[in-house]
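Asker: Supplied in structure tokens, the structure appears directly below.
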Amino acid sequence: MTSISAAIPSFIILIMFLACFFSVPRIPILTNRIYIRILICDLATSALNILSSDAHYSFPKYGVPLTYALNTAFFLLLLLRSYLFFAYSASLVNLNHYNSKQSAWVLRIPIIISYVMVLSSPFTGACFSITGKGFVKGRFMYILFACIFFYIAVSLLAIVIHKSNLNGKREFLSAIAFNILIFAGGIYVLFNQRSLIIDSFCLMALMLIYIAFENPDFYIEKRTGLFNSSALSDYIQEMRYKKQFLIFSFVIKNYQDVREIYGVNNMDSGIRLIGQYLKSTYPEITFFYFKEGRFISVASADTDANTLCDELIERFTKPWIAKETELYLTIAFAKLTPETEIKSVDLTISSVITALNRAAKAEDGICAVVCENDIREYVKEIYVKKVLEITVEENLVEVFLQPIVETRNLRVIGAEALARIRDREGKFISPGDFIPIAEKNGCINTLGEQILDKTCKFIKENSLDSIGLSWINVNLSPMQFFVTDIANSYDEIIKRNGLDFNIIHLEITEEAMVSQSLLMKQMDSMQKKGFQFVLDDYGTGYSNLTRLQKCPFINIKIDMGLVWSYCKEPNLLLPSMITSFKSMGFSVTAEGIETKEMAEAMINLGCDYLQGNFFSRPMPMPEFTRAFAMFA
Ligand code: C2E
Ligand code: MG
Ligand code: MG
């Protein structure tokens, strides 16, 4: 009897657990469906285990036929539960998708044989019989254990063989662990008389599965209540093998800017409102929230994307009423049609994101269709990432130099160090392609240090005077300011190479101005070490004169876009800008000088320095030394 009363608390825990699980949304994928089936089956098995054990202990209270019925039902459910655990393991490693129907049936043979044995037991006594003493094990009872252990063994094998389909070591170990728990329960029962302890082991296994795989935090985006990007991956992964589908997506245009304008909290509540609206208006479509204002849905192939676009445009003409403000947002769309065949889930999602980015730059209301180019762009990104990884690991980055000319005497006075990387065939990849990736994956910090170090070595090995240079500008990515001890690491590089600080000028772009406090703090600590700063690409970011005045720049580089548009059609903006900078004490460099006329125009506006292909393209260091040694 003790064993029965011990089983009741775990039975109650299971009911509570089931209620919790049903109260949160679940992605409609096989793994989740099997998990629910295990929960229900486990509940029924535990109930029948308690009842049949009670029938055994208080025999003949229940009578022989009912005791037979309870035991038969219990063993059938016990076998079904172990089969479902196996099915869960198989679905975790995506085995179901590759398996043929034949092999699926072969794997069902053990449970079918066991079912026949159990169902025939009342007549043959094969697995058990009910005698005058109550429940008695039959000669073939061990076949049932063999069946349970068979499914555990196959599960473990599948997990080990296909572990690459699991997300990392944690998932792998959890998948092994829950199978070992079921195994331990089976072994315990095998060597002990009738026991309810197996249910406690299964409950532990179910909890472990919940913690490791079914936890809603893994796939629900907190702000929107919609499913997140990893849920999207799992869902597409499964849909790919099942049926054709349409991916329909939209993005809030200029998401980062509107987030700045409305504030983070308001924007978050706006995103939540959009999530709720999508859920209630389109219950038949599963929407996912994919970071930075992107909503992606996987809908049935016959969904009318144009109508969806129209309806959403209509809704977005009205504001979203957040707590403190009304948010006016505009959106752009992209879709991936069912005919587009894409090889992997990552590629599918990334192509949609690329198409969304494209749509965000296009006219309002246009729905971009994922095309070959979007797919190619992602493949290129993966390739650049790989090259970048090797380059940083083996310190292969090359530094090119582009001269900066003094307008006073048209002589080279400085240079800008520009990073170059090459793929295995020696083909250059442009900084425009690899710097954003390096910024995204964090390797910009090591890369930045390697570039600075190589520039310092160049200065150490070549007397700058001999090539007529007074300083070299090195670009510093805004992302590098997130590294708290950048001042120390940069300081260490300069000192290690035995250089003076005034020989290196650090160029930072206007983007860095977004986080003014961080910028000021980092610039301040670097300035204390002796570094000098140049503001790069002025005219492309957010800065204004008040902000500028607070930062210790020695020079402002006007973005080539501003220079080009002035040279095409002179305006009042650039001259007044240059005058203001000069009156504030900054020297001014004009970038992107491509012709003699452009150089003259910028000299006339009072620029102090010029840089551009008219003077020279960026060149490898040895070439630069050869070219400029003769002019020095
Ligand atoms: P930037 O710092 O504004 O560098 C100037 C860019 O303009 C260089 O492109 C240069 O080759 C190009 N350029 C110079 N003169 C002309 C011209 O007359 N016409 C045209 N069309 N282009 C000209 P590059 O080397 O492709 O670099 C692009 C950007 O990548 C740089 O813009 C900078 O933001 C970033 N970058 C390059 N090297 C580094 C680096 O070492 N670290 C970091 N963080 N960023 C870098
Ligand atoms: Mg620059
Ligand atoms: Mg620039």
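Asker: What distance in nm separates the two pseudo spin-label positions at Ala629 and Ser230, each 7 Å out from Cα along the beta-carbon direction?
Answerer: Each label point lies 7 Å from its Cα, and together they span 5.7 nm.
Asker: Here's another thing I want to ask about it. When we measure straight from the Cα of Lys568, which lysines land under 29 angstrom away, once same-chain ones fewer than 8 places off are left out?
Answerer: Output for Lys568: Lys361, Lys557, Lys582, Lys596.
Asker: List the residues of the range 311-354 whose backbone N lies under 15 Å from a point placed 7 Å from the Cα of Glu372 along the Cα-to-Cβ direction.
Answerer: Of the residues in the range 311-354, 340-342 have backbone N under 15 Å from the label point off Glu372.
Asker: Then there is this: Over all directions, how big on average is the projection of the convex hull of the alpha-carbon atoms in the chain, in square nanometres?
Answerer: Across all orientations, the chain yields a mean hull projection of 37.2 nm².
Asker: Could you give the length gained on full extension between Ala177 and Leu190, defined as 0.36 nm per residue of separation minus the Cα-Cα distance, in nm?
Answerer: Fully extending the segment from Ala177 to Leu190 adds 2.7 nm.
Asker: Figure the gain on full extension for Leu119 and Lys323 (residue separation times 0.36 nm, minus the Cα-Cα span) and round it to one decimal in nm. Mind dumping the intermediate values first?
Answerer: Details: separation 204, 0.36 × 204 = 73.44 nm, distance 6.30 nm.
Contour length minus the Cα-Cα distance gives 67.1 nm.
Asker: For Phe531, enumerate residues with amide H under 5 Å from its amide H, sequence gap 5+ or separate chain, H modeled in the peptide plane.
Answerer: Hits under the 5 Å cutoff: none.
Asker: While we're here: At a Cα cut-off below 19 Å, give the lysines reachable from Lys457, other chains included and same-chain residues fewer than 8 away excluded.
Answerer: Lys495
Asker: Please express the shape of the range 387-629 as an equivalent ellipsoid: the semi-axes are the square roots of 5 times the eigenvalues of the C-alpha gyration tensor, given largest first in whole angstrom.
Answerer: 27, 22, 18
Asker: Report the label-to-label distance for Gln244 and Glu314 in nanometres (one decimal), using points 7 Å from each Cα along the Cα→Cβ vector.
Answerer: Going from the Gln244 label point to the Glu314 one covers 2.8 nm.
Asker: Relative contact order of the chain, please, whole-number percent, based on alpha carbon pairs below 8 angstrom and at least 6 residues apart. Show your work: numbers first, answer last.
Answerer: Values: 903 pairs, mean separation 50.4, N = 632.
The value is 8 percent.
Asker: Want the number for Phe218 to Gln102: 0.36 nm per residue separation, take away the alpha-carbon distance, what's left?
Answerer: Between Phe218 and Gln102, full extension yields 38.4 nm more.
Asker: Same structure again: Mind checking which lysines have their C-alpha under 18 Å from Lys323, skipping anything on the same chain fewer than 8 residues away?
Answerer: Once the sequence-local lysines are set aside, what remains near Lys323 is Lys222.
Asker: Can you put Asp346, Asp374, Asp217 in order of Cβ neighbours within 10 angstrom, beginning with the fewest?
Answerer: Fewest-to-most Cβ neighbours within 10 Å comes out as Asp217, Asp346, Asp374.
Asker: Please report the antiparallel percentage of the DSSP beta bridges confined to the chain, to the nearest 5.
Answerer: Within the chain, antiparallel bridges account for around 60 percent of the total.
Asker: Still on this structure, I have one more. Mind listing the phi-derived Karplus ³J(HN,Hα) values for the range 163-178, rounded to whole Hz, using 6.51, -1.76 and 1.60 with θ = phi - 60°, and x for any glycine or proline?
Answerer: Result, rounded to whole Hz: 5, 5, 7, 9, 8, x, 5, 4, 5, 4, 5, 5, 5, 5, 4, 5.
Asker: With labels modelled as points extended 7 Å from the Cα through the Cβ direction, what inter-label distance (nm, one decimal) is found for Lys495 paired with Thr131?
Answerer: Spacing of the two 7 Å Cα→Cβ label points: 8.9 nm.
Asker: So how far, in whole Å, is the C-alpha centre of the range 78-94 from the one of the range 1-51?
Answerer: 15
Asker: Let me ask you something else. Rounded to the nearest 0.05, what FRET efficiency is calculated for Lys361 and Ile4 with R0 set to 56 Å and r the Cβ-Cβ distance?
Answerer: 0.25
Asker: What whole number of Å gives the distance from the Cα centroid of the range 526-589 to the Cα centroid of the range 384-433?
Answerer: Computed from Cα coordinates, the inter-centre distance equals 23 Å.
Asker: Additional query: Can you list which of the GluC sites (Glu not before Pro) found in the range 399-449 are DSSP loop residues with at most 13 other C-beta atoms within 10 Å?
Answerer: Values: sites: Glu406, Glu416, Glu425, Glu439, Glu449; in loops: Glu425.
Those that pass, being in a loop and sparsely packed, are Glu425.
Asker: If each DSSP helix of 4+ residues adds -39,500 (n - 2.57) and the sum is divided by the residues in the chain, what number results at 222 nm, nearest 500 deg cm²/dmol? The partial results should precede the final answer.
Answerer: Numbers: 23 runs with 354 residues, N = 632.
Only helices count here, giving -18500 deg cm²/dmol.
Asker: In addition: Taking the mean number of other Cβ atoms within 10 Å as a proxy for protection, how do you rank 613-625, 15-27, 67-79 from highest to lowest?
Answerer: In descending order of packing, they fall as 67-79, 613-625, 15-27.
Asker: What FRET efficiency comes out for the pair Ser576/Gln237, r = Cβ-Cβ distance, R0 = 60 Å, nearest 0.05? The partial results should precede the final answer.
Answerer: Numbers: r = 57 Å, r/R0 = 0.95.
It comes out at approximately 0.55.
Asker: Quick one: Asp433, Asp199, Asp500, fewest Cβ neighbours within 10 Å first, how do they rank?
Answerer: Values: Asp433 16, Asp199 25, Asp500 10.
Lowest count first: Asp500, Asp433, Asp199.
Asker: Quick query: amide H of Ile413 versus all other amide H atoms, modeled in the peptide plane; which residues come in under 5 Å with a sequence gap of 5 or more or a different chain?
Answerer: Ile404, Val405, Glu406
Laboratory data are not the source of any read-out in this text; all were calculated from the coordinates shown. Here the structure is a predicted model, which is why all the values come from computation and not from measurement. Cβ atoms come from the backbone with ideal geometry, glycine included; neighbour counts cover every protein chain shown.
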